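Read the structure below first, then the notes.
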Amino acid sequence: MRSSRILLAKMGLDCHDTGVVVVAQSLRDAGMEVIYIGLHNPANKVFQTAVDEDVDCIGLSFLSGQHMTQTRKLLNLLNDSNVSRPVVVGGVIPFDDIPGLKEMGVAEVFIPGTPTAHIVKKIGELCQA
Amino acid sequence: MSEKFDLYIRGERVEEGETASGIPIKDVYRPEDAQMDYLHNLGDPGEFPFTRGIYPNMYRGRMWTRRVQVGFGTPQETNERLKFLYEEGQAGFILTIDLPTSYGFDSDDPLCEGEVGVTGVAISTLEDLETIFDGLNPDTVSASLSIRPPVSAVSLAMFVALADKRGIALDKVIGTQQNDPLFQMSGGPHQTIAQFFPWEGTLRLCLDNVEFISQNMPKLNWMVTNAYNLRETGVSAAQEAAFAIAHALDIFRLAAERGLGIDSFAPRASFFSSTGIDFFEEVAKFRAERRIWARLIKERFGAKDPRSWRFRTSVQTAGNTLTTQQPLNNVVRATSELISAVLSGVQSIHLSAYDEGLSLPTEESQRMALRTQQIVAYETGLTRTVDPLAGSYFVESLTNQMEEQVMSLIDEVEKVGGLIKAVRTGWLEQQINDARVKRNRAVESGQRVVVGINRFTTDEVPEISIHHIRAEEWGQKRAEYLAKYRRRRDALKVENRLREVRLAAKSSENMIPVIVSAVKDSVTMGEIHQAMREAYEFKIPE
């Protein structure tokens, strides 16, 4: 069983990367392979990288309110191309938006204050599923 | 259950024997710990090296400015919120802008879909700024624009144009122009600086601003370092102080290289700092910063004007200490940080609202923030004397230790080649990432307690009303507005102005006057930036 591979990315103009950097480190500490492609990634870049790198899971990070628009773009690409990978979203996500993200197809939403150990566990499970 | 109560009855030990910056703290401090040389290391407030405060009577002479952060959606909505806050007693405001504007894009640029008006107000035209300032004049209203080069060159030009149009002399304009080229965009990665505009252009416009302001606008402050945004990444108080000062030293060096005299630009330079939750460490930090700054500016730059020696700072209470869970707890945190800031003798304070972990502030949460400041200012008596903690064996010792740690970090940065080099080589990003991971581990392990997160948690979802994002609506309104705006203007004039902008960008002249003319002829924020990118032959990576 190979180790889990996860792609982490930020999309849109948001520049707050503390959360994603810390999660990336925690996932690496847990033995997962993490590909972090930084900020301002358009949906097609996230999609293409996920395919090229053959990842098990995609994690998106948002603070500045663009989570619905950008997540939808990525999920549309995945659906249209029949590429199925679990997508998780982390960051400052209003409680009211969580159901909407889940309906779109997001597997898990991690808000501030979530213990990193919990995030690592959930992502691990999704990767190995 | 009884195990927990047994512990409480016996009394828990305080486990953390160090400040967050790693300075070990003793059980008890005595006179010999203070190492006080009043004449050389403290001085009276208002006297070199200003450890006790930059003015002789501080708040007795003038209360700190109580600022509130404002900005969302359209200029009209922002103007309405501003008027509400003035009614509620704000003394000044910080104007926050949306991400498209922060990167120099017009609201209708396709790159900005879903982001218009979300993190702040959209400003694409001179008319937008005029709308925000409807009923408010830049010679009586103190605004601090939360912005960075290259965009701060355009916003400054818009301010100048606004003043001109209202017949206000430039030497009467007050407020602060934020101008930090490095830390403004969340203090984080290199990508935020380099992705959408060339480094060379960013630094050049930073200095154009400093030059223009120092030559034409003697009452306008300019912010040299946004240490608050840097601190929010998770670096320590000592790192915040060291990197803020090292950053300013680099900018000052560049300004001096341009031929600007130190005393022509230093007096109005200011900092934006954080006030974290470690109460006494913050006080020590500010006192040490004042002492360090005064000496460095006098000795390294030969500044002769005493106003150049003063470390002036506005602060925001630390957003990263606030939690999404149990938001009302944040009122307590912000209050403690506020008191820390007041005892530190800062010039202006913005109190983070209790819903910081959820969204932009609502009217209610902003009113609460203002009331908190007003209660501390008017009811507690904290303002009656300057630097009341002076002479405390503990505080003087901690100030000295903080100074040592900060100076040693400044030396490390200098060895790397200065702060700008430290950013460009990735050295600073490494420091930031190390600090973030360390902080996270401390919280994860429970070593650092955060109430509501790793102790005393509840499962309830907060029931407070929060600000709602209407990005699609704002995006649409702004697109319609900009389409009309572009149709209304003289296309030939716009072409000519853009040509002038490109030429000026290629030359070494100060660009502000050319940009002023451009915005007056209705050239937009995005168009000016694109013209400058073209002049610098810079393409945004796909």
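Give the aspartates and glutamates whose C-alpha is closer than 20 Å to that of B:K298, dropping any in the same chain fewer than 8 places away, or say none. Within the straight-line limit of under 20 Å, B:K298 reaches these aspartates and glutamates: B:D37, B:D44, B:E47, B:D250, B:E257, B:D263, B:E289, B:E403, B:E404, B:D411, B:E414.
GNM on chain A, alpha-carbon springs under 10 angstrom: the most fluctuating residue among A:T18, A:T116, A:T49 is A:T18. Chain A and chain B together bury an accessible surface of about 2600 square angstrom, both sides counted, with a 1.4 Å probe and no ligands or nucleic acids included. Normalised by residue number, the volume inside the convex hull of the Cα atoms of the protein assembly as shown is 164 Å³ per residue. With contributions of -39500 (n - 2.57) from each DSSP H run of at least four residues, the per-residue ellipticity at 222 nm computed over chain B stands at -15500 deg cm²/dmol.
For the cross-link pairs B:K172/B:K304; B:K172/B:K415; A:K122/B:K438, which exceed 30 Å when the distance is taken from alpha carbon to alpha carbon?
On the way: B:K172/B:K304 25 Å; B:K172/B:K415 42 Å; A:K122/B:K438 22 Å.
Too far apart for the 30 Å limit: B:K172/B:K415.
May I ask you to list the residues of segment B:331-358 whose amide nitrogen lies under 14 Å from a point 7 Å from Cα along the Cα→beta-carbon direction of B:Y38? Those under the cut-off are none; the list is empty. Extent of segment B:270-414 along its three principal axes (Cα atoms, max minus min coordinate, largest first): 48, 35, 30 Å. Just the protein heavy atoms count here, and of the accessible area of segment B:292-446 at 1.4 Å, carbon and sulfur take up 51 percent.
Oblate is the label for segment A:61-129, because a/c, from the alpha-carbon gyration tensor with a ≥ b ≥ c as root eigenvalues, is 1.5 or above and a/b does not exceed b/c. Taking packing as the residue-averaged number of other Cβ atoms within 10 angstrom, the listed peptides B:229-241, B:213-225 run from highest to lowest as B:229-241, B:213-225.
Farthest towards the positive end of the charge dipole of chain B, among the residues B:G43, B:V443, B:G526, is the Cα of B:G43, using unit charges on the Cβ of Lys, Arg, Asp and Glu.
Under the convention that each Lys and Arg Cβ holds +1 and each Asp and Glu Cβ holds -1, the size of the dipole of segment B:400-531 around its Cα centre is about 820 debye.
Per-residue 3J(HN,Hα) values for segment B:171-187, derived from phi via the Karplus relation 6.51 cos²θ - 1.76 cosθ + 1.60 with θ = phi - 60°, read 6, 9, 6, 10, x, 9, 9, 6, 8, 8, x, 10, 9, 4, 7, 6, x Hz in sequence order (x marks Gly and Pro).
Each residue of segment A:55-69 was assigned a 3J(HN,Hα) from its phi angle through the Karplus curve 6.51 cos²θ - 1.76 cosθ + 1.60 (θ = phi - 60°); the sequence is 7, 8, 7, 10, x, 10, 10, 9, 10, 9, x, 9, 4, 5, 4 Hz, with glycine and proline shown as x.
Each Cα pair under 8 Å and six or more residues apart adds its separation to the average, and for chain B the resulting relative contact order is 20 percent.
Restricting the trypsin sites (Lys or Arg not before Pro) of segment B:10-118 to loop positions (DSSP other than H, G, I, E, B) with no more than 16 neighbouring Cβ atoms within 10 Å leaves B:R13, B:K26, B:R62.
Per residue, segment B:271-310 exposes 31 Å² of accessible surface when a 1.4 Å probe is rolled over the protein heavy atoms with every protein chain present.
Protein heavy-atom accessible surface, 1.4 Å probe, per residue over segment B:48-95: 37 Å².
Taking 18 Å as the straight-line reach from the Cα of A:K121, the aspartates and glutamates in range (excluding those fewer than 8 positions away in the same chain) are A:D29, A:E33, A:D56, A:E108, B:E444. Most tightly packed first, judged by the mean number of other beta-carbon atoms within 10 Å of their residues, the peptides B:269-282, B:159-172 read B:269-282, B:159-172. Largest GNM mean-square fluctuation among A:M104, A:M32, A:M11, using chain A with Cα springs under 10 Å: A:M104.
With the simple model of a label 7 Å out from the Cα in the direction of the Cβ, B:A169 to B:T458 spans 5.8 nm.
What average count of beta carbons from other chains do you get within 10 Å of the Cβ of residues in A:4-17? Present the calculation step by step, with values, prior to reporting the outcome.
On the way: counts 0, 0, 0, 0, 0, 0, 2, 1, 7, 17, 7, 15, 9, 11.
Across the residues of A:4-17, the mean count of other-chain Cβ atoms within 10 Å is 5.
The amide H of B:S352, built 1.01 Å from its N in the peptide plane, has B:T317 as neighbours under 5 Å, considering only residues 5 or more places off or on other chains. Among the chymotrypsin sites (Phe, Trp or Tyr not before Pro) in segment B:1-78, those located in a DSSP loop and surrounded by at most 16 other Cβ atoms within 10 Å of their own Cβ are B:Y29.
Could you calculate the FRET efficiency of B:N137 with B:E257 from 1/(1 + (r/R0)^6), where r is the beta carbon distance between them and R0 is 56 Å, rounded to 0.05? It would help to have the intermediate numbers written out before the result.
Working: r = 36 Å, r/R0 = 0.64.
That gives a FRET efficiency of 0.95.
The values are calculated or read from the model by the stated rules, or taken from the named source; none is laboratory data. This one's a predicted model, so the numbers in the text were calculated from it and none came from an experiment. Quick reminder, even Gly has a Cβ in these numbers, built from the backbone with ideal geometry, and neighbours come from all protein chains shown. Keep in mind that these areas ignore ligands, DNA and RNA; they rest on the heavy atoms of the full protein, side chains included. Shrake-Rupley method; radii C 1.70, N 1.55, O 1.52, S 1.80 Å.
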